[in-house]
Amino acid sequence: MIIVLRPEASEEQINHLVEKVKKLGLTPHISKGTERTIIGVIGPEDVLRVTPLEVFPGVERVIPVLAPYRLVSREFQRKDSVVEVGKGVRIGDKKVVVMAGPCAVENIDTLYEIAKEAKKAGAVVLRGGAFKPRTSPYAFQGLGEEGLKHLAQVGKDLGLVTISEIMDPRDVELVAAHVDILQIGARNMQNFNLLKEVGLTKKPVVLKRGLSSTIKELLMSAEYILAGGNFNVILCERGIRTFEEFTRNTLDVSAIPSVKMLSHLPIIADPSHAAGKWGLVPPLAKAAVAAGADGLIIEVHSHPEDALSDGAQSLLPSNFSNLMQELRILVKAIGREI
Ligand code: PEP
Ligand code: MN
């Protein structure tokens, strides 16, 4: 870190600060200019969270040099991480992995119908919420354990990897027993107890960006999971809240290459929750893949008009299939596969 001192900082104040820095186990390097003195400090910057050096007399500013996240950073690991979510299904590799399915598991027959179509079109992971984080307490809350069982059954029968949302740290064992990938939704990105709990498992986790979270906050949340010992984390850009009201959220396409720059973790995109309107889903999906997304998670429903949640943003299987066709052409141009 770099400590910038005030122009009027006295010798005594500087010495006091240098002593404190040494006591913290850090090494100070003092540079005296004609106007200002700055102190370059070498050593782990974590101590700053406990001892804020800004409060010392004579200090104007403290500039951290390293990112506050460590395990998720590119500095920690230069090479891209690849997360294996099922036999032969690897996220972060050359192949763009497409996850598709209804917003919520409604009943087993509808799930079968959707899953068959999704698989035929090229999806390899089946999505379906059993615990739904609904804005209204009166809206459909999901089938709970029954929904997880349906998802596991259909996934097994059709040979699809499964993903479902977990909202409560007490449900980790239950959800992990039925599905291949744990999804942490936007509303729970900073549910730190949940992050710690999934960090104790080895299950792959898709961590979605919070509704109003910065990229740094997303990476800090991922750090919780890695710090617990679980390195199988996949990030997900699903749109953030902006002043725009036409779309449900604003897909932050720039977050995809930004995450790639800052972190070794794979990142996928969810154009459905970003758009809120099915007609916008295909162009956003293509934009995300063109920007380097390692996968997509897309809501597909055979009868969107009857869907118990998010029908308006769900693609009909035929539209999903057309999108997959277009993506097959697109990935060739960027040296990937699908
Ligand atoms: C979902 O995937 O169904 C969902 C609720 O997504 P998000 O957490 O991104 O809103
Ligand atoms: Mn949804």
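Annotations
- Once the range 292-338 is narrowed to residues that are among the acidic types (D, E) and surrounded by 17 or more Cβ atoms within 10 Å (Cβ to Cβ), the residue that is farthest from I108 (Cα to Cα) is D294.
- Picking from residues in the range 258-281 that are within 16 Å of ligand 2 (Cβ to nearest atom) and among the charged types (D, E, K, R), the one that is nearest to S213 (Cα to Cα) is D270.
- Remark: A255 falls outside the filter, which requires a residue to be open to solvent by 30 Å² or more (accessible area, probe 1.4 Å) and in the same structural domain as I114 (by TED's automatic domain parsing).
- Number of positions in the range 144-170 that are open to solvent by 30 Å² or more (accessible area, probe 1.4 Å) and either outside the structural domain of N188 (by TED's automatic domain parsing) or touching a Lys or Arg at 6+ places or on another chain (Cβ under 9 Å) (or both): 4
- Residue within the range 321-328 that is more than 16 Å from ligand 2 (Cβ to nearest atom), on the phi > 0 side of the Ramachandran plot, in contact with a Lys or Arg (Cβ under 7 Å, 6 or more places away or on another chain) and assigned by TED's automatic domain parsing to the domain that holds D93 present: no
- Subset of the range 41-50 (residues that are open to solvent by less than 30 Å² (accessible area, probe 1.4 Å) and β-branched (V, I, T)): V41
- The residues of the range 114-143 that are open to solvent by 10 Å² or more (accessible area, probe 1.4 Å), out of contact with any His (no Cβ under 9 Å at 6 or more places or on another chain) and farther than 21 Å from V96 by Cα, listed by number, are F131, K132, P133, R134, T135, S136, P137, Y138, A139, F140, Q141, G142.
- The residues of the range 297-317 that are in a strand (DSSP E or B) and either farther than 14 Å from G128 by Cβ or not assigned by TED's automatic domain parsing to the domain that holds V206 (or both) amount to a single one, L315.
- Complete set of residues in the range 104-115 that are in contact (Cβ under 8 Å) with a residue 24 or more places away in the chain and of a type in the set (D, E, K, R): E106, E113
Results for (1) of a type in the set (A, V, I, L, M); (2) over 38 Å from the mean Cα position of the chain (by Cα), shown as yes or no for each residue.
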residue	(1), (2)
P7	no, yes
I14	yes, yes
L17	yes, yes
V21	yes, no
L26	yes, no
T34	no, yes
I39	yes, no
P44	no, no
L53	yes, no
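- Any hit, the range 276-291, residues being within 14 Å of ligand 1 (Cβ to nearest atom) and part of a strand (DSSP E or B): no
- Number of positions in the range 124-143 that are away from ligand 2 (no atom under 15 Å from the Cβ) and either closer than 16 Å to N107 by Cα or not assigned by TED's automatic domain parsing to the domain that holds Q190 (or both): 0
The values are calculated or read from the model by the stated rules, or taken from the named source; none is laboratory data. Predicted model only: the values in this text are computed from it and were never measured. Backbone-built Cβ (ideal geometry, glycine too); neighbour counts: all protein chains shown. Just the protein is used for accessible areas: all its heavy atoms, side chains included, with ligands, DNA and RNA removed. Shrake-Rupley method; radii C 1.70, N 1.55, O 1.52, S 1.80 Å.
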